[in-house]
1. With Cβ to Cβ distances under 13 Å as the rule, what net charge do the other residues near Arg226 carry (K, R +1; D, E -1)?
2. Report Ser137's accessible area, 1.4 Å probe, all protein chains in place, as a number in Å² to the nearest 10.
3. Amide H to amide H under 5 Å from Gly182: which residues, 5+ apart in sequence or cross-chain, H placed 1.01 Å off N in plane?
4. On C-alpha positions alone, give me the angle between the axis of helix 155-165 and the longest principal axis of the chain, in degrees, nearest 10.
5. As an exercise, use a Förster radius of 45 Å and the Cβ-Cβ distance of Thr63 and Thr34 to find the FRET efficiency, rounded to the nearest 0.05.
6. What percent does the relative contact order of the chain come to when contacts are Cα pairs within less than 8 Å and at least six residues apart?
7. What residues have an amide H closer than 5 Å to that of Ile216, excluding those fewer than 5 places away on the same chain, when H is modeled at 1.01 Å from N in the peptide plane?
8. Counting only protein heavy atoms, what percent of the accessible surface of segment 92-238 is carbon or sulfur at a 1.4 Å probe?
Amino acid sequence: MVPIGVVRASARARVEAPRQPYVAGGHVGVIELTPGRNFEDALCDLERWSHIWVLFAFHLNSTWRPKVLPPRSRGARRGVFSTRSPHRPNPLGMSVLRLLRVEGLSVHVEGVDMLDGTPVLDIKPYVPFADAVAGASTGWIAEDPEAPWEVAWAPLALAQRAWIAARGEDLQGPVEAALRLGPAPHAYRRIRATDEGLELAVRAWRLRFTARDRAITVTEIRSGYRASQREAAPEPHRDFAAVFGSRG
């Protein structure tokens, strides 16, 4: 198969991508189709649909696992064919996205759960009467609540996030995408329990948070670089500790 185009989205690392389109919320992106292949005609009438299936490749995965640890599995490993895990024998993914508009060879979509640069293999219309099966079971996640967790930021974490954002690095999107799935320690999502509480790792940052009644509060951000490493650390990690003291 030859990709028909690529996804342009804000998420660039795997930990930043929402795990399902319904968790992605307002994440928007663009599918840029390859020119010179008559795709202008292939896009005719697509805008008459509100949602589309997008088939794509998990291009950063080179291996697969027969059993995986999904976020909602309560610590139990599941057979990969009973999950939506990207670690598959053939690294193929599919998502239902809301279609916003078509401009030339650019298909603007919402609910994007793919990484920037993801190869797109096909686009198909989502047909409600054919694709939505009334009464379908939800397998081993049947008992899990569907609503994502609420994520809030304490004043210190909010100030730290703004300081980091002013230096060109957005943490809000990837942090909230990870935490909306819940606070349970999970290796794939880089959540762990420490002596000081729960911690999420995003790139080289470490975020402390608390969880109660399906609400998560990010309390502070710390650099992942130790004090002995900060002289050689990239910006803004070198200045972060100087601005925020020992909390950096």
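1. Values: positive: Arg206, Arg222, Arg230, Arg238; negative: Glu231.
Neighbourhood net charge equals +3.
2. For Ser137, solvent-accessible area is about 110 Å².
3. For Gly182, whose amide H was placed from the backbone, the distant partners under 5 Å are Trp149.
4. The answer is roughly 60 degrees.
5. Values: r = 28 Å, r/R0 = 0.62.
After rounding to 0.05, the efficiency reads 0.95.
6. Numbers: 438 pairs, mean separation 53.9, N = 248.
Answer for the chain is 22 percent.
7. Glu150, Val151, Ala152
8. Values: 4000 of 7550 Å².
On segment 92-238, the fraction of accessible area on carbon and sulfur atoms equals 53 percent.
The values are calculated or read from the model by the stated rules, or taken from the named source; none is laboratory data. Computed from a predicted structure; not experimentally measured. Ideal geometry is used to build each Cβ from the backbone, glycine not excepted, and the neighbour counts take in all protein chains shown. Note: areas computed on protein heavy atoms with side chains; ligands, DNA, RNA excluded. Shrake-Rupley method; radii C 1.70, N 1.55, O 1.52, S 1.80 Å.
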